[in-house]
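The values are calculated or read from the model by the stated rules, or taken from the named source; none is laboratory data. Quantities reported herein were computed from a predicted structural model and do not represent experimental measurements. Don't worry about glycine lacking a Cβ; one is built from the backbone with ideal geometry, like all the others, and counts go over all protein chains shown.
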Amino acid sequence: MKYASQAVAKPYFAFAMLLFVGQIVFGLILGTQYIIGDFLFPEIPFNVARMVHTNLLIVWLLFAFMGATYYLVPEESQTELWSPKLGYALFWIFAVAGVLTILGYLLVPYARLAELTGNDLLPTMGREFLEQPTVTKIGIALVVAGFILNILMTVLKGRKTVVNMVLVTGLIGLAVFWMFSFYNPKSLVLDKYFWWWVVHLWVEGVWELILGAILAFILIKTTGVDREVVEKWLYLIIAMALISGILGTGHHYFFIGAPSYWLWIGSIFSAIEPLPFFLMVLFALSMLRQRRREHPNKAAVTWAVGCTIMAFLGAGVWGFLHTLAPVNYYTHGTQLTAAHGHLAFFGAYAMIGMAIISYAWPKLHGRECNSPQAQRMEIWSCWVMSLSMLAITLLLTWAGWIQIELQRLPGDAGAIGYMQTQDAIMHVYWMRLAAGVAFAVGLGMYLYSFLVARNTREEAPALMTAA
Amino acid sequence: MNSPEYSLTDLSPPQTARIPGDLAMWCFILAELLAFLLLLGSMAFARGHWEQMFSAGIATLHPEAGLINTLILLSGSYFAARGVRLSAQGQPRALGRGFSLAALCGLGYVAIKLSEYALLFGAGYNLRTDTFYFFYFFTTFFHMAHVLIGMVILLVVARRYRTGQYPNADKARMAGESAASYWHMVDLVWLVLFPLLYVLP
C-alpha cells in the first residue's frame with residue numbers, strides 16, 4: 001500500500017464479500033424452490049428470495065467497485081484520497097441503508113414496506129431489480145454523489161491517467177443512469193423502455209468502463225507492461241463497448257411495444273457486443289505474454305485472466321446466442337436468459353471484484369501477496385467457482401432449450417403450458433442445485449483462503465516500499 | 001535470372017511495408033467497418049425482401065444532394081491526405097491547414113445532410129414510416145455521427161500539432177496519419193452508402 005488512505009477500501013471489500021455470501025445463500029434457496037415450490041413458504045416466498053438474491057448482487061458489486069476505486073485512484077493519482085473521512089462515513093451510511101433495506105424485504109410484506117417508506121409520495125418501487133424503497137434509492141444517489149465528489153477531488157489534485165479517466169467516466173455514467181430509476185411513467189411500455197436505461201446501460205455500458213479500468217490497473221501492476229500500450233487497449237475496448245452497448249439496448253426493446261425498428265437496431269448492434277469482451281481476452285493474454293516481471297501474486301492474475309475469459313463466454317457468447325430478434329422471438333424470457341445472466345454477471349463483474357480484492361487485500365495488510373498455500377487455495381476456489389458457474393449456465397441453457405422446444409416452437413395446439421414444462425425440466429433443476437452447492441463450496445474455499453493467508457502471513461513476502 | 005529491373009549496384013535498403021498511423025487506430029477502423037458492414041448487410045437483406053418499398057422510398061430522396069456530398073467528402077479526404085503528405089515533406093504548417101479544410105468539408109456535408117432530413121421530414125417521412133426509411137435515416141444518421149467524430153479527431157490533432165504537444169516528430173506523424181486514416185474510413189463508407197441508397201434503382 002503506497003498511500004495510507006487506500007485503507008478506505010478495506011471495509012468496502014469486506015462488506016462486499018459478506019453480501020456475496022448472502023447472495024449465494026439466497027441463490028441456493030431459490031434453486032431449491034424451483035424444485036420444492038413451497039420450501040420456506042410463507043417465511044421467504046420465491047419473489048422475495050429472488051429480490052434479495054438480485055439486490056444483494058447489485059449492492060455487493062457496487063461495494064466492490066467503490067472499494068476498487070478507493071484503492072486504485074490514490075495510487076494512480078499519486079496522492080492521498082481527498083477525504084478518507086467522507087469515504088468511511090459513506091461506507092457506514094451505505095452499509096446500514098443496505099442492511100435495513102434487505103431486512104425490510106425479509107421482515108415486512110412488500111406492500112407494507114412501500115407504505116412504511118412513503119412510496120406513494122414518489123412511487124418507484126415494484127420494478128424488477130429496482131425494488132428498493134424510494135428512500136433507499138435517494139440514499140444510493142447521495143452516497144454515489146459523495147463518492148464521486150471524493151474521487152473527482154482526488155483525481156483533480158493528482159496525476160491524470162487514462163485508467164483514472166475511464167474509471168471516473170464509468171462512475172459518473174453509473175450515477176447519471178441511476179437517475180432513471182426515479183422515472184416511473186404510468187405506461188408500462190415507457191416504464192420498461194427507461195427501466196433498461198438503468199439496467200442495460202449499467203451492465204452493458206458504463207460498468208464495462210469500470211471493469212476495463214480495474215482490469216487495466218491490475219494488468220499494469222502485475223505485468224509491468226508499458227502504460228502506453230495498456231492505455232491503447234483500454235481506449236479500444238471502451239470505444240467498442242460503447243459503440244455496441246449503447247445502441248445494443250435495442251435488444252431489450254423486442255416485443256415490448258417499442259417501435260419495430262428496434263428489432264433491426266438491437267440485432268445489429270448487439271451482434272457486435274461480444275467484440276469488446278473478446279478484445280479483453282486478447283488484452284489480458286497479450287499483456288501476460290509481454291510481461292516484464294513475474295508478479296508473486298499469481299492468484300490475482302488468475303482472477304483477472306479468468307474474468308476476461310468467463311466474461312467473454314457469459315456476456316459475449318451466451319448473450320449472442322439469443323440476441324438476434326428472430327431467435328429471441330422464441331427464447332424471450334426463458335431460462336436461456338437466466339443462463340446468460342448468471343455467467344455474464346459472474347464472469348464480468350463478480351470475478352473482477354475478486355480480482356481486485358485478491359490483488360489489493362494482501363497489500364492493504366502490508367504484504368506483497370499472500371503465502372503460496374493461501375494462493376493455492378484461492379486459485380482452487382477460482383476454478384471451483386468458475387466451473388460450477390459454467391455448469392449452472394450449461395444446465396440453465398438445457399432448461400431453456402426444453403422450454404423453447406415444448407412451449408415456444410410448437411403451434412398453439414401442440415405447445416404445452418408453463419407449469420407442465422417446469423415438470424419436464426425438474427431433473428435439470430436438481431442438477432443445477434447440485435452445481436449451485438458446488439459454487440457455494442468454491443466461495444467457502446475462497447473465504448477460507450483469507451484465513452490461510454492470515455495463519456501463514458510470515459511466509460508471504462513483505463511489501464516492497466519502493467515505488 | 002538476370003532481370004533488367006534489378007540492379008546489382010543498387011545498395012539502398014529495401015522498402016519495408018508500414019501501416020500509416022497507429023495499429024490501434026486500424027483496429028478501431030476495422031471494428032467501425034464491421035458495424036457498417038452488418039448494417040449494410042441487413043439493409044441488403046431487407047431490400048431483397050421489400051423490393052417495391054425500397055424502390056418507392058429511393059424515388060423520394062435527393063440524389064443531387066447525395067452527389068454534392070460525395071464530392072465534398074472526396075475533397076475533404078484530398079485535403080487531409082495532402083496535409084499529411086506535405087507535412088512529411090517538411091511543411092509542418094500544411095497539416096493543420098489540410099485538416100482544417102477537411103473538417104470544413106465535413107461541416108458542409110453535415111449542413112447538406114440536415115437540409116435533406118428537413119425536406120424529408122417536411123414531406124412526412126420519418127424513422128417509423130417503413131423499413132426503407134428506417135434504414136435510410138438510421139444508416140445515414142449513424143454515418144453523419146461518424147463524420148462529426150472524424151471532424152473532432154482532425155481538429156484536435158491539428159491543434160495539438162500546431163501547438164507542439166506531441167513529444168517527437170514520429171509521434172506527431174503517427175497522430176496525423178491515424179486521424180487521416182479515420183477520415184478516409186468515413187469517406188469510404190459514404191462511397192458505399194451513396195450508390196446503395198441513392199443510385200441503385
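Against the conditions (1) at pLDDT 95 or above; (2) more than 27 Å from B:Arg162 (Cβ to Cβ), B:Leu74 satisfies every one except (2).
Between B:Leu155, B:Leu104, B:Leu148, B:Leu127, the distinction of being under 27 Å from B:Leu193 (Cβ atoms), part of a loop (DSSP other than H, G, I, E, B) and not basic (Lys, Arg) belongs to B:Leu127 only. In the condition set (1) more than 20 Å from A:Pro461 (Cβ to Cβ); (2) surrounded by fewer than 24 Cβ atoms within 10 Å (Cβ to Cβ); (3) not polar (S, T, N, Q), A:Arg367 is compliant with all but (1).
Quick check, is A:Ala68 modelled with pLDDT of 95 or more, among the aliphatic types (A, V, I, L, M), surrounded by fewer than 21 Cβ atoms within 10 Å (Cβ to Cβ) and in a helix (DSSP H, G or I)? Spell out the reasoning first.
Values: modelled with pLDDT of 95 or more: yes; among the aliphatic types (A, V, I, L, M): yes; surrounded by fewer than 21 Cβ atoms within 10 Å (Cβ to Cβ): no; in a helix (DSSP H, G or I): yes.
In short, no.
When the stretch A:266-278 is filtered for residues that are in a helix (DSSP H, G or I) and surrounded by 23 or more Cβ atoms within 10 Å (Cβ to Cβ), the ones remaining, listed by number, are A:Gly266, A:Ile268, A:Phe269, A:Ser270, A:Pro276, A:Phe277. With respect to (1) closer than 24 Å to B:Leu34 by Cβ; (2) of a type in the set (A, V, I, L, M); (3) touching a residue at least 40 places away in the same chain (Cβ under 8 Å), the lone exception for A:Met351 is condition (1). When the residues of the stretch A:420-438 are filtered to those that are touching a residue at least 12 places away in the same chain (Cβ under 8 Å) and of a type in the set (Gly, Ala, Ser), the one that is farthest from A:Gly27 (Cα to Cα) is A:Ala424. Take A:Trp380 and tell me if it is of a type in the set (Phe, Trp, Tyr) and closer than 30 Å to A:Glu458 by Cα. Criteria met by A:Trp380. Scan the stretch A:348-373 for residues that are assigned to a helix (DSSP H, G or I) and under 25 Å from the mean Cα position of the chain (by Cα) and the total you get is 17. Could you identify the single residue in A:Val176, A:Val229, A:Val189 that is part of a helix (DSSP H, G or I), surrounded by fewer than 18 Cβ atoms within 10 Å (Cβ to Cβ) and within 14 Å of chain B (Cβ to nearest Cβ)? Only one candidate passes the filter, namely A:Val229.
Hey, could you check the stretch B:129-149 for residues that are within 9 Å of another protein chain (Cβ to nearest Cβ) and closer than 14 Å to A:Leu263 by Cα and say which is surrounded by the fewest Cβ atoms within 10 Å (Cβ to Cβ)? That would be B:Phe138.
If you go through the stretch B:152-198 and keep only what is at pLDDT below 95 and polar (S, T, N, Q), you end up with B:Thr163, B:Gln165, B:Asn168.
Restricting the first member to the stretch B:62-88 and to residues that are under 18 Å from B:Ala169 (Cα atoms), and the second to residues that are of a type in the set (Asp, Glu), the beta-carbon pairs closer than 7 Å and six or more apart or on different chains are B:Val84/B:Glu177. Counting only residues that are in contact with a helix residue (DSSP H, G or I) (Cβ under 6 Å, 6 or more places away or on another chain) and either part of a helix (DSSP H, G or I) or buried (at least 22 other Cβ atoms within 10 Å of the Cβ) (or both), which one in the stretch A:216-226 is nearest to the other protein chains (Cβ to nearest Cβ)? So, considering only residues that are in contact with a helix residue (DSSP H, G or I) (Cβ under 6 Å, 6 or more places away or on another chain) and either part of a helix (DSSP H, G or I) or buried (at least 22 other Cβ atoms within 10 Å of the Cβ) (or both), the one nearest to the other protein chains (Cβ to nearest Cβ) is A:Ala216.
Among residues that are touching a residue at least 12 places away in the same chain (Cβ under 8 Å), in a helix (DSSP H, G or I) and not acidic (Asp, Glu), A:His295 is not included. Got at least one residue in the stretch A:111-129 being part of a helix (DSSP H, G or I) and surrounded by 16 or more Cβ atoms within 10 Å (Cβ to Cβ)? Yes, the stretch A:111-129 has at least one match.
Residues in the stretch A:259-274 that are farther than 13 Å from B:Phe134 by Cβ, touching a residue at least 40 places away in the same chain (Cβ under 8 Å) and more than 7 Å from chain B (Cβ to nearest Cβ): A:Ser270, A:Glu273, A:Pro274.
Would you check if there is a residue in the stretch B:41-55 being of a type outside the set (Phe, Trp, Tyr), in contact with a Pro (Cβ under 8 Å, 6 or more places away or on another chain) and away from every other protein chain (no Cβ under 13 Å)? Within the stretch B:41-55 (the criterion being of a type outside the set (Phe, Trp, Tyr), in contact with a Pro (Cβ under 8 Å, 6 or more places away or on another chain) and away from every other protein chain (no Cβ under 13 Å)), the answer is yes, since at least one residue qualifies. Among the residues of the stretch A:449-467, the ones that are exposed (fewer than 15 other Cβ atoms within 10 Å of the Cβ) and part of a helix (DSSP H, G or I) come to 5 in all. Any residue at all in the stretch B:52-70 that is more than 21 Å from B:Ala123 (Cβ to Cβ), crowded, with 18+ Cβ neighbours inside 10 Å and over 12 Å from the mean Cα position of the chain (by Cα)? No, because not a single residue in the stretch B:52-70 is more than 21 Å from B:Ala123 (Cβ to Cβ), crowded, with 18+ Cβ neighbours inside 10 Å and over 12 Å from the mean Cα position of the chain (by Cα).
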